[in-house]
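**Student:** Structure below; questions to follow.
What follows draws every value from the coordinates through simple rules; no lab data is involved. Here the structure is a predicted model, which is why all the values come from computation and not from measurement. Here the Cβ is made from the backbone with ideal geometry for all residues, glycine too, and neighbour counts use every protein chain on show.
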Amino acid sequence: MNKRIALPTALLAAAVCLLVRLAQREPLTSPTSPSAVAVYFSPKGGCTEAVVEELQSASATVLVQAYSFTSAPIAKALVDAHKRGVKVQVILDKSQRTEKYSSATFLEHAGIPTFIDAAHSIAHNKVTVIDGQTVITGSFNFTTAAEQHNAENLLVIRDRSLADKYAANWEAHLLHSEGCEGPSHGLLEEMGEGRQPSEAASHPRTRRRHHVQTLR
């Protein structure tokens, strides 16, 4: 009798172990969502191109947190998204106030609300949340050096729950961020736009007022 009971029990245990192993081997993606997670590496591994492509597909919102931001292609993709009616907002590290080739005031001159997070030693996040469903993150800075010379990684993750968490963190940093100030002549020249903003548009109070009106 004990042997008869032991045999089905052993088979059941073996079946459970097999199911657990199969579950552990389940891929991150499914046949209906083959690109739920994508990874890129630099140098010259397509990181910049991947960011630009995701921004080109944005239809509603883009939230950016960046440490060093001097990439003309990514800056242009953000401006293009803004022109399409996408609500683009950017938070940068305080170093971008004085960086010659920073995108900070370039984006602001294009009408994109741009803020400086000076509440930390460095604001080292590299995060983009697109349409509340796609997260771009990793070590990759938005710079030419990161694309062409550095060893970096970039993840593109399509997950609404994860995107909600990153968006909430973005909002938390926005609360202690402030309007940006600083030169961006170098990036303007690289983008082929040598014109300067009007005195009224470049005044710090005008800029901060613009941000408040845009965020309402």
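**Student:** Given Val135, Asn150, Val88, which one lies farthest toward the positive end of the charge dipole of the range 32-152, if we put +1 on the Cβ of every Lys and Arg and -1 on the Cβ of every Asp and Glu?
**Tutor:** Val88
**Student:** Now for a separate question. For the range 78-127, what log10 I(q)/I(0) values come out of the Debye formula at q = 0.16, 0.20, 0.25 1/Å, with one point per alpha carbon and no solvent?
**Tutor:** Results for the range 78-127 at q = 0.16, 0.20, 0.25 Å⁻¹ read -0.46, -0.68, -0.96.
**Student:** Just subtract the alpha-carbon distance of Glu49 and Ser161 from 0.36 nm times their residue separation and send over the number in nm, one decimal.
**Tutor:** Difference between extended and current length: 37.8 nm.
**Student:** Pairs to check: Lys76/Lys126; Lys126/Lys165; Lys44/Lys83; Lys76/Lys165. Give those whose C-alpha atoms are more than 25 Å from each other in this structure. Spell out each step's value before the answer.
**Tutor:** Working: Lys76/Lys126 18 Å; Lys126/Lys165 14 Å; Lys44/Lys83 29 Å; Lys76/Lys165 27 Å.
The pairs that break the limit, which is 25 Å between Cα atoms, are Lys44/Lys83; Lys76/Lys165.
**Student:** Still on this structure, I have one more. What is the distance in Å between the Cα centres of the range 155-178 and the range 49-113?
**Tutor:** 16 Å
**Student:** Give the share of C-alpha pairs in each 5 angstrom bin for the range 102-158, from 0 to the last occupied bin, in whole percents, shortest bins first.
**Tutor:** With 5 Å bins starting at 0, P(r) equals 4, 15, 17, 23, 26, 13, 1.
**Student:** On to the next question. Taking neighbour counts of Cβ atoms within 10 Å as a proxy for exposure, in what order, fewest first, do Lys87, Lys126, Lys76 appear?
**Tutor:** Starting with the residue having the fewest Cβ neighbours, the order is Lys87, Lys76, Lys126.
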